[in-house]
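The numbers here are math on the coordinates, done by the rules we state, and not lab data. Owing to the predicted nature of the structure, the values given are computational and were not obtained by experimental measurement. Because the Cβ atoms are built from the backbone with ideal geometry, glycine has one as well, and the counts that use them run over all protein chains shown.
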Amino acid sequence: MSISLHSITRADIGNLLPIETACHSHPWSEKTFYSCIDGRYFGQYIKHDDNHIIGFYIGEHVAGEGTLMDICITPNDQGNGFGKTLLLEFFKHSRQLHLVKVHLEVRAKNISAQMLYINQGFTETGRRSGYYPSANGFGYEDAIVMAKKL
């Protein structure tokens, strides 16, 4: 089975929101999603040749640096290398925009995502205490801030 990558447009948001909701305890709203399309934002989604959308990323670029704002793989497709594929596409697009450095934030408890980022050259640059609402609804969780030079 083959996969293909496509630039995200506003018309795609309805197909991507269910993935966002399945992947995050506190997903982006439709309004937030719309605000992160076009302008300084860029993103792609990945799908199987059977038109099943696997996941997506949204990036932002400002003043020569980028931020990975969101990256999601459908729960049933996680662990198959699709997150790495999207992350490599984020790097490729960032280089095309002549960005010199990229940043991201990841939940402190999301070890699998942290390992993906570390294996692709990100290093921890800081921590934001109590940044994310807890997945269980009580309290907050730290964000680990990471960066990578391109």
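Of the residues that sit in segment 12-54 and are aliphatic (A, V, I, L, M) and in a strand (DSSP E or B), which one is farthest from Asn136 (Cα to Cα)? Explain how you work it out, then say what you get.
Let us first name the residues in segment 12-54 that are aliphatic (A, V, I, L, M), namely 13, 16-17, 19, 22, 37, 46, 53-54.
Next cut, in a strand (DSSP E or B) only: 46, 53-54.
Working: Ile46: 29, Ile53: 27, Ile54: 26 Å.
Here the answer is Ile46.
Gly83: crowded, with 22+ Cβ neighbours inside 10 Å and in a helix (DSSP H, G or I), yes or no? Steps first, please.
Working: crowded, with 22+ Cβ neighbours inside 10 Å: yes; in a helix (DSSP H, G or I): yes.
Yes.
Does segment 55-77 include one or more residues that are exposed (fewer than 15 other Cβ atoms within 10 Å of the Cβ), assigned to a strand (DSSP E or B) and of a type outside the set (Lys, Arg)? Quick ask: steps written out before the conclusion?
Pass one, segment 55-77, residues exposed (fewer than 15 other Cβ atoms within 10 Å of the Cβ): 62-64, 75-76.
In the following step, the residues that additionally are assigned to a strand (DSSP E or B) were identified as 62.
Of the ones still in play, those that are also of a type outside the set (Lys, Arg) are 62.
Within segment 55-77 (the criterion being exposed (fewer than 15 other Cβ atoms within 10 Å of the Cβ), assigned to a strand (DSSP E or B) and of a type outside the set (Lys, Arg)), the answer is yes, since at least one residue qualifies.
Taking segment 114-129 only, how many residues are in contact with a helix residue (DSSP H, G or I) (Cβ under 8 Å, 6 or more places away or on another chain) and not polar (S, T, N, Q)?
Total satisfying the criteria: 2.
Can you name every residue in segment 109-119 that is buried (at least 16 other Cβ atoms within 10 Å of the Cβ) and in a loop (DSSP other than H, G, I, E, B)? Talk me through it step by step, then tell me what you get.
Kept after step one, since they are buried (at least 16 other Cβ atoms within 10 Å of the Cβ), are these residues of segment 109-119: 110, 113-114, 116-117.
Answer for segment 109-119, where residues must be buried (at least 16 other Cβ atoms within 10 Å of the Cβ) and in a loop (DSSP other than H, G, I, E, B): just Asn110.
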